[in-house]
Every structure is written in structure tokens, then in C-alpha cells.
Amino acid sequence: MAERDVDHVRGAVVGWVSAALALVLVLAVAGWQLGWLDGLGDDDAAPPVDDPAAVAPPPEVDVAPVKKPRAVAPVADLSPTLDVPAVEAALKRFLRDKDLGPHVVAAVEPLRGGGRGYEFASSGADIATPASTTKVVTSTVALSLLGPDHRFTTRTVLEKGATPRVVLVGGGDPFLLSNPQAKWGTNTEATFAPKKADVVTLAKATAKALRAQGVRRVRLAYDASLFSGPAVNPHWPSDYVPTGVVPPISALWIDEGRDPQGYGFSADPALTAAQVFGTALAKAGITVDGAATSTVADAAARDLASVDSAPLAQIVQRLLEVSDNEAAEVLLRQAGLAHSGDGSSVGGQAAVKKVLAAGDVDMDGSVLYDGSGLSRENLMSPHLLIDVLRWASSDARPELRAVLTGLPVAGFTGSLANRFDNAPADGPGRVRAKTGTLTGVFSLAGIAVDLDGSVLVFALIADQVPPARSGLAQIALDDAAAALGACHCTR
């Protein structure tokens, strides 16, 4: 049975204050190194003065002359060399914790620069089941293909007939809502919520367009044909859909496939979306004859109205922060469409391979069957995760930066908000990482700022954790990641 990453409110006020200072440091250093702070400030402000002694004092203030300060070293080395023995010393006792089970793999490298990295494999193969760290790969590929400003459009069209027919056409918007106030999703508290489109707003706009054409009575159909192939990934355990782990994946759904009138996921998300839309259309003054039917919209049909999703960068940010399985699966299919016109999970897999290859990212023996990491058949090298994160940080690929900014902050946000309580004191706030959790599997992949101010990238996976040791295993992995923020790991 798959488990979702969870979050709650962090502990004592004292812990918050000390960790908050660390958070300011990690975000400031990482932001400076990765260019997140570029462009801040007033474009019309006076140019900066290099020499503090040249800055005039305020009028009528007597001050002593200012001596020119001596040159100082930069805050952090942009191309540090990893001190492999120091990393090994920091991680050894955590990665060899028996609670993690017999198979643990890990890798650590500087985010920028070269040199030898740290590698660890407790036994056997150096690839493992990645769980939700897979979402890092899916998000990066989707951003690479579609761009951070891309939006997904849900629209309505009008087909002629004795009784005209309105067709609700799904555009693969992962966050389309049943109404403007709808709340859904994981229990994880997000620090950022993108603005979402909804079918009630679309119904009102559609009704207005119909009235303008003198149409007051229609039939209703829905088109979810944008995605193809099985709606349920064949590489998922057979009980995932029946037990409510994940819904059938559709190009047309509301509330990520949930039933707004009941509990859990809908067995037919597209039909449910059409029914809610039809009710809203009737409330907006349009008579709807009969039940909604499935169709493929006529290419010559006239557009009536549309609503757009948030930009992809915002979708990715929320997806990574709360570990959103449903959105990740939609983005995998959107990647397939953008790459080859194939909106199936297989098309998405092919897109991942091609895009990573084009970015000089080696699959390194990795095999990925889905976008969320729910498949236990996925296998991933920690080096793949590291290479993707480095790629997303590249100055040459600013369109991928949402992958880094979307990573939860250890001890503070998203799926890491209620974790790292027992970690080395300098760890919380200095680590940002995507979590991964399945029964018997724990993983973390992200960045850490060490005590020297150098940004490291890491991936840690344990995929044979004894079920009775799950809680302790998660703590051990958190402690390992925090140790990177609490060490002098570069020179």
C-alpha cells in the first residue's frame, strides 16, 4: 500500500527561531549562487558605489573619514571541491543505521564544479526504488518541453444540430476545480497555492456565449481524448485504484479526480467533471437535455469559452512541495504530448528518456514507468537525481528553476514541515529536498548548504526498510541529509 508524504506544524518556538535563522542563511546563500536574487530592487535607483568611503554622509552629520576596507573572501566558493572523507565521516553512521535495512544507496556532489563525488551502496546494485523523488525528474522534463509559462486550457465548443450540443473539452489541467472554493488534496500544508481554474466559472462563461447566439437549450457531451492509453498504469499494484491511492488518470477531471459529492476518487473522473459542469450550466440559465455523453469534439465546432490553468512553473512548485501524485501523472502525459504527440504514460516515458539524453543526463541504469514514483518497478540511480538537479540549477536553463524553488525546506515547509526534529542542529533550514515514501521505501533528493557556505546536491534512497522500522528509518535518512548542512564538506 502506498503512503503519502505528510506534514504537520513544527514543534517548539525556540526550535523555530534557531532554525529560521538557518533558513535565512541557506536561502540567501543558495539564492545568491543560483541567481534567484537577480533583478531585485528599483530599476531607477542610483548605481551602486564600489567604495564605501565615497558614500557621502547625510547633511549636517559629522562623521570621521571612512577607511577603505581590505579585500575579503567571497561568501561561498561557486565551484567548491568536495571533501569526500569529510562527507563520509558526516554520513557514515546514519547510512549504516540498521533501521534503513540492507539496501541503501547515496551520492553527494557539489551543485557547481567538478571533482570526485561521494558514493555509497550498502550492498548489491547501486540503483533502487526511488518513490516520489521520481517527481523531480517528471517536473524537470515537463518544464524543459513546455516552458514555465505554459498553461493548460479547458474549453467548451458548440456543435450544430436540431438541439445544439455543447462539448466540454479537457486540456489536461491537473488542478481544475469543481467550483472556485473547492479544497482538496493531501494533508500537507502548502506555502504556495497557484490560482486554479474551475468548471463553474467555465459554465457561466459558456452560458453567456450561448445566450449571445440565441441558444437556450443544449445537449451535453465531454471530450477527454487528449490523453491515450490505459488510464491506470499497468506498472502499479492492482489495488491502488480500488483502495483510493490514485484515480484513473484523465485529461478531464475536477479536484484531481475526486468525487465532489462523496468521498475518495471517482471511478470515471471525466464523466464526473461533465456532470458538475452540466449542473452549473443549468444554474446559469441553459436547459440541458439528457445525460452527458463521451465524444471526440468536431474539429470544426465553434469555440464558446475557456479557462486556463496556472503557469506550469507554479504547478511544479506546488506538486513538489506537497508530493502531488495526481498532478505528476498528468505532467508525464503532457510531456509525452509535447514530445511526440503521445499522451499516454508510455509516451511520457519516451519523452523522459529523450529529454534527459538531450540534456546530457545519463539514465545510468534507471528505469521509470510512471511520473509520480508510485510504481515499485521504478529503479533509479542516485546519480540521475543529482544530474537532474544540477541541470535544473544551470544558468543556461533558467526555465527549469522551479524544480529547485519547489523543494520543501527541511523542518519548515511542505512534506518536510514535520520532520528533521531530531536531526543535527544545523540541518533544518539548510536543506531543501524532495521526499519519497512507499511502504518499505524512503528517499530524499535535494540541496544542502554546508557550514562553509557551499551548495551540495545529494540523493539518498533506502528501499528495503523493515515495515516495523519505518519511523526510525525516516529519522535516519533525515539525519543523514541534515548532516550535510552541519559539516565542513568542501575545500
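A few comments on the model shown:
- Note on region 343-392: with neighbouring protein chains present and a 1.4 Å probe, carbon and sulfur make up 54 percent of its accessible heavy-atom surface.
- Ranked by how many other beta carbons lie within 10 Å on average, peptides 364-373, 417-426, 394-403 from highest: 364-373, 417-426, 394-403
- When each of Lys92/Lys353; Lys183/Lys354; Lys354/Lys434; Lys135/Lys204 is checked by Cα-Cα distance, pairs over 25 Å: Lys92/Lys353; Lys183/Lys354; Lys135/Lys204
- Region 404-491: relative contact order as a whole-number percent, Cα under 8 Å and 6+ apart: 30
- Near the amide H of Ser266, within less than 5 Å, lie the amide hydrogens of Arg258, Asp259, all on another chain or at least 5 residues away, with H placed in the peptide plane.
- Accessible surface of region 166-258, 1.4 Å probe, proportion on carbon and sulfur as whole %: 52
- Rounded to the nearest whole Hz, the Karplus-based 3J(HN,Hα) values (6.51 cos²θ - 1.76 cosθ + 1.60, θ = phi - 60°) of region 195-202 follow the sequence 5, 10, 7, 8, 7, 5, 4, 5, with x at glycine and proline.
- Region 155-227 - charge dipole about Cα centre, Lys and Arg +1 at Cβ, Asp and Glu -1, debye rounded to 20: 500
- Residue-level accessible surface for Arg258, protein heavy atoms, 1.4 Å, Å²: 40
- Peptide ranges 203-216, 131-144, 220-233 listed from the most packed, as the mean C-beta count within 10 angstrom indicates: 131-144, 220-233, 203-216
- Accessible area (Å², 1.4 Å probe, nearest 10) - His339: 80
- Diffusion coefficient, µm² s⁻¹, Stokes-Einstein with Kirkwood Rh over alpha-carbon pairs of region 284-361 at 20 °C and 1.002 mPa s: 137
- Cα gyration tensor of region 91-181 - equivalent ellipsoid semi-axes, whole Å, descending: 49, 18, 12
- Accessible area in square angstrom per residue, region 156-231, 1.4 angstrom probe: 46
- Taking only alpha carbon atoms, region 327-404 gives an Rg to Rh ratio of 0.95, where Rh is the Kirkwood radius.
- Kirkwood hydrodynamic radius of region 261-305, Cα pairs, Å: 12.5
- Solvent exposure of region 309-397 amounts to 28 Å² per residue of accessible area, where only protein heavy atoms count and the probe is 1.4 Å.
- For the peptides 468-476, 304-312, the ranking by mean Cβ contacts within 10 Å, running from highest to lowest, is 304-312, 468-476.
- Amide H contacts of Gln464 (H built 1.01 Å from N, under 5 Å, at least 5 apart or other chain): His103
The values are calculated or read from the model by the stated rules, or taken from the named source; none is laboratory data. The structure presented is a predicted model; accordingly, all values stated were derived computationally and were not measured. As a convention, Cβ positions derive from the backbone with ideal geometry for all residues, glycine included, and neighbour counts pool all protein chains shown. With ligands, DNA and RNA removed, areas are computed over all heavy atoms of the protein, side chains included. Shrake-Rupley method; radii C 1.70, N 1.55, O 1.52, S 1.80 Å.
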